[in-house]
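First up is the structure itself, then whatever we jot down about it.
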Amino acid sequence: METMEFSHIPVLLQETIDSLEIKPDGIYLDATAGGAGHSSEILKRLGPNGHLICLDQDPDAIAIVTKRIGGDPRVTVVQENFSNLTTVVEEKNLPPLSGILADLGVSSHQLDTPERGFSFHHDAPLDMRMSQDGPTAADLVNTLSEQELKTILYTYGEEKFAPRIAKAIVEARGKSPIETTLQLSDIVSNAVPAKARRAKHPARRTFQALRIAVNGEMDALDNALGEMYDALAPGGILSIITFHSLEDRMVKQRFASFCQGCICPPEFPVCVCGRTPAAELPFKFRVASEEELEQNPRSRSARLRSVRKIHARYLDE
C-alpha cells in the first residue's frame with residue numbers, strides 16, 4: 001500500500017475554519033488530522049508564534065501529515081487516539097489550547113484504499129481498523145455470538161434487519177470463514193428483503209456498525225469529549241464534525257451538558273446551587289452547502305457543532 005497517496009477532501013472546510021475563530025498566535029489541535037486538509041488551512045492562518053498539533057491514530061495519516069506540513073516548526077505531529085488527549089497534553093507539556101477540531105468521518109483514503117477493508121464496493125480483506133492494530137472486522141464476524149452481532153448491528157448501525165443479518169452471518173461462517181468485504185456484503189444483501197435492497201446499499205449499516213465496534217468509536221468519543229473540553233483555555237472553541245446520528249446525538253447532548261446552568265428543582269423560587277454554564281454554543285449546527293454537496297457527495301450527512309469554553313466543566317458532566 002502506498003501511504004503517500006492519502007487523499008481527503010475536507011468536509012465543511014470554510015464553516016469549520018470560521019467556527020474556530022483562529023487567532024494568529026493561538027495554539028490549535030486537529031484531533032483527527034487525516035490527510036491534513038483542515039490542518040493545512042488552520043496553519044495558513046497562524047503567525048510565527050502560533051502552533052498546531054496534528055493528532056491521528058492511523059499511521060498512514062501520520063505519514064502524510066508529516067510529509068505535507070510536518071517540516072513546519074509550528075507543527076507537532078503525534079500518532080495517538082484523540083481519546084488519550086490528556087496523555088498527549090501531559091507528555092508534550094502543552095498549555096491550554098485556543099481551539100480543537102475533530103472530524104469524525106472515515107477519510108477518503110480509508111474508504112478508497114480497498115485493502116483497508118472499509119468499503120463494501122471493493123473486494124478486500126475484512127479489516128476496518130483505523131489504527132491498523134488489534135482485532136479486525138473479520139475477527140468479530142467469525143467469533144461473536146449471534147446475539148452479540150445482533151446487538152452491534154442494532155446499537156451502532158440502527159439496522160432494523162439485525163436479527164436476520166446476524167443469523168445469516170452465523171450460518172455462513174459455519175460453512176467457511178467470512179474473510180472479505182464482498183463475502184460479508186453478499187451475506188447481508190441476501191439476508192434482507194428484496195425491497196430493502198432497492199434503496200441504499202443493504203450492507204451500509206452493517207459495515208458502519210462493525211467499523212464502530214472494531215475501533216471502539218463511541219467509547220472513544222465519549223471519553224474524548226471531556227478530555228478535549230478540559231484541554232481548552234477559557235474562550236477556546238471545540239468544533240466537531242459528525243457523520244451519523246449516534247455521534248451527533250452524543251456530541252449534542254454533551255455540549256448541552258457543558259452549557260447547562262442552574263440545576264435547582266423548578267419549584268425553588270431562587271437558585272441555591274450557584275451553578276453557571278461552563279460553556280456556550282456559538283451556533284446550533286451547520287451542514288454542507290448545495291455547492292459542497294455537488295462537489296463532494298460524502299459531505300451530505302456531515303454536521304458541524306461547536307462549543308465555546310467559559311470555565312471548567314462540572315464533575316457530573
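What to note about this one:
So that you can scan it fast, the table gives a plain yes or no per residue for (1) open to solvent by less than 30 Å² (accessible area, probe 1.4 Å); (2) hydrophobic (A, V, I, L, M, F, W, C); (3) modelled with pLDDT of 95 or more; (4) more than 20 Å from residue 12 (Cβ to Cβ):
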| site | (1), (2), (3), (4) |
| --- | --- |
| 55 | yes, yes, yes, no |
| 59 | no, no, no, yes |
| 67 | no, no, yes, yes |
| 79 | no, no, yes, yes |
| 85 | yes, yes, yes, yes |
| 104 | yes, yes, no, no |
| 109 | yes, no, no, no |
| 113 | yes, no, no, yes |
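- Evaluating residue 272 against the criteria (1) part of a loop (DSSP other than H, G, I, E, B); (2) under 25 Å from residue 33 (Cβ atoms); (3) open to solvent by 70 Å² or more (accessible area, probe 1.4 Å) leaves one unmet condition, (2).
- So residue 258, is it open to solvent by 50 Å² or more (accessible area, probe 1.4 Å), of a type in the set (Phe, Trp, Tyr) and over 23 Å from residue 14 (Cα atoms): no
- Residue 179 satisfies every condition listed in (1) open to solvent by less than 70 Å² (accessible area, probe 1.4 Å); (2) closer than 17 Å to residue 117 by Cβ except (1).
- Pairs meeting the criteria (first residue in the range 217-245 and modelled with pLDDT of 95 or more and assigned to a helix (DSSP H, G or I), second residue open to solvent by 30 Å² or more (accessible area, probe 1.4 Å) and among the basic types (Lys, Arg), beta carbons under 6 Å, at least 6 apart or on different chains) are 225/254; 229/313.
- Residues in the range 278-297 include at least one that is under 27 Å from residue 246 (Cβ atoms), among the aliphatic types (A, V, I, L, M) and open to solvent by 80 Å² or more (accessible area, probe 1.4 Å).
The values are calculated or read from the model by the stated rules, or taken from the named source; none is laboratory data. Since we're looking at a predicted model, the values are computed, not measured. Neighbour counts run over all protein chains shown; Cβ positions are idealised from the backbone, glycine included. For accessibility, only protein heavy atoms count, side chains too; no ligands or nucleic acids. Shrake-Rupley method; radii C 1.70, N 1.55, O 1.52, S 1.80 Å.
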